[in-house]
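Novice: Structure provided below as structure tokens; questions to follow.
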Amino acid sequence: MNSCRSQRERDFHDQWAEQTPLSRIRVFETFENITAQENRFILDLMGNLKGMDLLDIGAGLGESSVYFALKGANVTANDISPAMLSRCVELGRKHGVEILQLPGTTDHFDFGDDRFDVVYGANVLHHVGDIGLFLNGVQKALKPGGRFFFYDPLAYNPAINVYRRLATEVRTIDERPLRFANLRIFRDTFTEVEHREFWLATLLIFFKYFFIDRISPNEDRYWKRILTEDPARLGWWFNPLIKVDNFLLRLPLFRFLAWNIVIWGRR
């Protein structure tokens, strides 16, 4: 990633962090709400984290770093944005856990060697210019047999692509959603690689926000708003859509229409 792109990413995320008070950062909902489909799935795969050395890449506001620390992991947070890292550490203090900092760059992905049992990243890969270089850094950072878990948006769904064109003020111009071709890079780097897709019928909630609730895509980040939903009020119509997705997204053709992909595996 060139220096101009790096600076744009840093400035954008610094501003986001500075505009977000700790009271608005939702730690538990990010992993436990029925709309947190990817993280609920990842948690089941991770199992017990107690005592694990975990690297959270692109830690952002700190929801995941703090959640994993509360589960007993020794968490190191990495982010290109100094303001995001600062907010992450503050959030940890609020919840009574310590988060170590590893400032990030987008030109040189050095996370250490044989250092972590687990590497996690949410919505980070589509900000990376050179995914191969990035994954080499992840591979080196993992201990032998260490595991990685990422989830990111896919590039194909036409409704999501319209949303991206509308939501210009809450996303960076350099974002590049993933394509299935990117999985080859994972398979060239790691011994085990698996993936699963999420959000198809459940994307009706985005249509609700836009057409019924009249929420501007530039006034509220839809992918954050979903975590504020009350499961008791949402579940009666959302849970059946999850079941529809669980069926449809097993079919290769429909996978291309998913919003997000979870990729996991082992060094």
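Readers should treat all values here as calculations from the given coordinates under stated rules, not as data from a laboratory. Everything quoted here is computed from the prediction, not taken from an experiment. Using ideal geometry, Cβ is built from the backbone for each residue, glycine included, and neighbour counts are taken over all protein chains shown.
Novice: Taking region 67-170 as the region of interest, what is the percent of Cα-Cα pairs per 5 angstrom bin, listed from the shortest bin to the one with the maximum distance?
Specialist: Calculated over all Cα pairs of region 67-170, the distribution is 2, 11, 17, 21, 19, 14, 10, 6, 1 percent.
Novice: In whole percent, what relative contact order does the chain give with Cα contacts below 8 Å and a gap of six or more residues?
Specialist: Computed value for the chain: 20 percent relative contact order.
Novice: Next question. With springs only between Cα atoms under 10 Å, which of Leu253, Leu241, Leu85 fluctuates most in a Gaussian network model of the chain?
Specialist: In this elastic network of the chain, the residue with the biggest mean-square fluctuation among Leu253, Leu241, Leu85 is Leu253.
Novice: Continuing with the same structure: Looking at the square roots a ≥ b ≥ c of the eigenvalues of the Cα gyration tensor of region 151-267, which shape do they give, rounded for a/c under 1.5, prolate if a/b is larger than b/c, or oblate? Don't skip to the end; give the middle numbers.
Specialist: Working: a/c = 2.11, a/b = 1.40, b/c = 1.51.
The shape class here is oblate.
Novice: Here's a follow-up. Less than 26 Å apart at the alpha-carbon level, and either on another chain or at least 8 residues along: which lysines does that give for Lys143?
Specialist: Once the sequence-local lysines are set aside, what remains near Lys143 is Lys50, Lys71.
Novice: Next question, about the same structure. Using only DSSP helix segments of four residues or longer, with each worth -39500 (n - 2.57), what per-residue ellipticity at 222 nm results for the chain after dividing by its residue count and rounding to 500?
Specialist: Result for the chain: -11500 deg cm²/dmol, rounded to the nearest 500.
Novice: Apply the a/c threshold of 1.5 to the C-alpha gyration tensor of region 34-123 and tell me whether it is rounded, prolate or oblate. List each step's numbers first, then the result.
Specialist: Working: a/c = 1.38, a/b = 1.23, b/c = 1.12.
Rounded shape, in that the Cα axes give a/c under 1.5.
Novice: Taking 0.36 nm per residue of sequence separation and subtracting the Cα-Cα distance, how much length would be gained by fully extending the chain between Asn161 and Leu133, in nm to one decimal?
Specialist: 7.4 nm
Novice: How charged is the neighbourhood of Glu29? Take every other residue with its Cβ under 9 Å from the Cβ of Glu29, and add Lys/Arg as +1 and Asp/Glu as -1. Write down the numbers at each step before the final one.
Specialist: Values: positive: Arg26; negative: Glu32, Glu63, Glu229.
Neighbour charge sum, excluding Glu29 itself: -2.
Novice: Percent relative contact order of region 46-127, based on C-alpha pairs within less than 8 angstrom and at least six residues apart?
Specialist: With pairs under 8 Å counted, the relative contact order is 36 percent.
Novice: For the chain, what ratio Rg/Rh do Cα atoms give with a Kirkwood hydrodynamic radius?
Specialist: On the way: Rg = 17.6 Å, Rh = 18.9 Å.
Ratio of gyration radius to Kirkwood radius for the chain: 0.93.
Novice: If you don't mind, there's one more thing I want to ask. Under a 5 Å amide H to amide H cut-off, with H placed in plane at 1.01 Å, what residues pair with Phe116 once short-range neighbours are removed?
Specialist: Residues meeting the criterion, in which the H sits 1.01 Å from N, are Leu142, Lys143.
Novice: I've got another one for you. Would you please give the FRET efficiency between Asn218 and Lys50, computed as 1/(1 + (r/R0)^6) with r the Cβ-Cβ distance and R0 = 41 Å, to the nearest 0.05?
Specialist: Between Asn218 and Lys50 the formula returns 0.50.
Novice: Can I ask one more? Which length gain, in nm to one decimal place, applies between Leu253 and Ser86 when the Cα-Cα distance is subtracted from 0.36 nm times their residue separation?
Specialist: On the way: separation 167, 0.36 × 167 = 60.12 nm, distance 4.22 nm.
Taking 0.36 nm per residue and subtracting the Cα distance, the gain is 55.9 nm.
Novice: In the neighborhood of Leu55, defined by Cβ-to-Cβ distances under 10 Å, what is the net charge if each Lys or Arg adds +1 and each Asp or Glu adds -1?
Specialist: Taking every other residue near Leu55 into account, the sum is -2.
Novice: State, to one decimal in nm, how far the label point of Trp237 lies from the label point of Gln7, with both points 7 Å from Cα in the Cβ direction.
Specialist: Label-label distance for Trp237 and Gln7, simple model: 4.7 nm.
Novice: On a straight-distance basis, which lysines could pair with Lys208 in a cross-link, Cα separation under 23 angstrom, same-chain partners fewer than 8 positions away excluded?
Specialist: Result set, ordered by chain and number: Lys224, Lys243.
Novice: Something else about it: As a test, work out the antiparallel percent of DSSP beta bridges whose residues both lie in the chain, rounded to the nearest 5.
Specialist: Percent antiparallel among DSSP bridges in the chain is about 40.
Novice: I want to check the label-to-label distance for Asn123 and Arg225. Put each point 7 Å from Cα in the C-beta direction and report it in nm to one decimal.
Specialist: 1.3
Novice: At a Förster distance of 25 Å, what's the computed FRET efficiency of Val244 paired with Thr191, Cβ-Cβ distance as r, to 0.05? Present the calculation step by step, with values, prior to reporting the outcome.
Specialist: Values: r = 34 Å, r/R0 = 1.36.
Calculated transfer efficiency: 0.15.
Novice: Connecting C-alpha atoms closer than 10 Å in a GNM of the chain, tell me which of Leu251, Leu200, Leu227 has the biggest fluctuation.
Specialist: Leu251
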